[in-house]
Amino acid sequence: MTNAENYYHSLLTFGIMPGLERIKILLERLGSPEKDLHCIHVAGTNGKGTVCSFLASVLKEAGYKTGLYTSPYIVDFRERIRVNGEMISEKDLNEVTETVKAEIEKLRSENIIITEFEAVTAAAFLHYKNVGCDFVVLETGLGGRFDATNVIESPLASVIVSISLDHVNILGNTISEIAFEKCGIIKNGCPVVTNSAQPSDALSVIKEQSELKNSKLYVSSINDIKVIDESIKGSEINYQGRNIFVPFPGKHQQENCITALTVIDLLKEQGIVISENAISAGISKTRNPARCEVVCENPLVILDGCHNEDSARALCSVMESHLKGKKITALMGMMADKDIDKVLSMMMPYFDKVYTVTPSNPRALDKDELCDKIKKHGTSAVSYKLDKDSVDELIESIEKDGVLIVCGSLYLCSDVYNLIVHN
C-alpha cells in the first residue's frame, strides 16, 4: 500500500458526510481544476462503472485524452484515477496527494474536515487538469445530489443508469426517493440520458427533474435491441442499425451499452467527432473487472460483484441463459448493510453448494453468519477460509464442466482477484 493510499484511508475515520460545501472549499484552494474539465457525469444504482468504462473506451478510440474516475477499485487503488485506460502513476499520485494533503491540513486547522472520497475526488480533478484531459467520465460515489463529484457545473451529459433499492439508510426508502437523489446531478440546460428499462417510478422522477431543470431528456429504448448472438463472453447486438459486440454477458449489459451509445450520439450532436469505427472498437475493447468476468476457462471461474437485488437478478439471468444444467458452486461474501435475505432468496436456487467467506472490509458480514443464513434457504453451505491455498484448492475441486462463481461483493472480488489473478 502506497503512502498516498494510506493517507486517503486514514481519512475514513471521518466517515461519509454528504454535502458539497467542503469539497467546494477544497477545490477553490486548489485553483478550481474541475472548472477546466469537460465532464460526462454518471449516477445510478447498478451499471455506473460499466457505462463509464464504455464511454471512456470509445472516447479514447476516437483519439481523445480521456480521464475515467470510478470506485471502488478491484486490485489497485490507482484504478480509481485513469487516463486512456492507464492508472495514474505512483509518482503522479504522490504529487497530487501532497498538494491536496497540504490544503486539507490547512482546512482542518479551520475546523473543516475533508472525507476520504472528497480528498480522492479533488486529487482526481487536479490530475486530469494537470495532464490536459480532453474529456473526463465521472462516476458518482454514493447518490448524486450531495456526492463530491457533483461540484461540476455544466456536464456535457448527465447519465442516470439503472436505479434500485440500495443504501436506503442514506438515500431513501423508495425507488422515487432514491431516484430524486440520483437526479441531483441534472444541471440546468444540460442534456440527460437514461434508458427505458428504468422502473416506472424512477423514470417519472427523471422526467420530472429534467423538465424542472429545462434539460432535454434522451431515453434509449431497450425494444430497439436486436440480439444476433450471445454467450457467457458477451453479446452481438444490432441497435439502430449498428452492429456492436458487448464484451459482457447479460441483458443488463446490453442495456448499459445502448445507454452509452445514446450518450455518444449526443456528444456527436454537440460537434464532437467520433467515428463509427471508434464506437464499435471502443465498446468491444471495454474492460470492467468483476462484472460477470471470466477469469479462468477450465474450470469456468466467474467473478461478479453483485451485491443488491438488481445486480443479483442480473447474475441469475446470466446463469439461467448460459449456465443451465451445469453444477454451479459459489464462493460468497457480503456486506452486512445489504438486503442479504432478498439477494439469497433469488440466488440460492442456482447454486449446488456455497462456500462463505468474510471479505476484507469493516462492513463485511461474518462468514459464519452468512453460512447460517444460506442454510436457512435450503442450500448446502460451508464456512471457508479466504486465502490463496484455500481458493486454489476450491478451484481444483470444481469438475471439468462445473462452474465456480465468486459473488456477493466487489470487495470480495477484489480479494479473490489478488489471490488468483495477481499472485
Taking H placed 1.01 Å from N in the peptide plane, check which residues at least 5 places from His38 or on another chain put their amide H under 5 Å from its amide H.
Val136
Theoretical gain in end-to-end length, Glu269 to Leu212 [0.36 nm per residue, Cα-Cα removed]:
18.2 nm
Determine ³J(HN,Hα), in whole Hz, for all residues of the stretch 77-91 in sequence, where each value follows from phi through the Karplus function 6.51 cos²θ - 1.76 cosθ + 1.60 and θ = phi - 60°; x replaces Gly and Pro.
3, 5, 4, 5, 10, 10, 10, 6, x, 9, 5, 4, 5, 4, 4
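Over the stretch 1-133, what is the relative contact order in whole percent, taking alpha-carbon pairs under 8 Å and six or more residues apart?
Here the relative contact order equals 36 percent.
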Would you grab the residues whose amide H sits under 5 Å from the one on Thr379? Only those 5+ places off in sequence or on another chain, please, with H modelled 1.01 Å from N.
none
In the structure displayed, which of Lys251/Lys327; Lys226/Lys388; Lys324/Lys385 lie more than 32 Å apart, Cα to Cα?
Lys226/Lys388
Taking Cα centroids, how far is the stretch 319-350 from the stretch 17-46 in Å?
36 Å
Note, the stretch 223-232: 3J(HN,Hα) by Karplus (6.51, -1.76, 1.60, θ = phi - 60°), whole Hz, Gly/Pro = x, goes 6, 8, 7, 10, 7, 8, 7, 8, 8, 5
Separation between Cα centres of the stretch 356-423 and the stretch 79-123, rounded to whole Å:
33 Å
Once amide H atoms are placed 1.01 Å from N in the peptide plane, what residues at a sequence separation of 5 or more from Val159, or on another chain, have their amide H within under 5 Å of its amide H?
His41, Val42, Ala43, Val193
Counting DSSP beta bridges with both partners in the chain, what percentage is antiparallel, nearest 5?
40 percent
Which aspartates and glutamates have a Cα lying under 17 Å from the Cα of Lys24, excluding residues fewer than 8 positions away in the same chain?
Glu34, Asp36, Glu103, Glu105, Glu110, Glu116, Glu118, Asp147, Glu153
Label corresponding to volume of the Cα convex hull per residue in Å³ when calculated from the structure given, among (i) 136; (ii) 177; (iii) 215
(i)
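FYI, it's all coordinate maths here, none of it is from the lab. Note that the structure is a prediction, hence the values are computed from the model and not measured.
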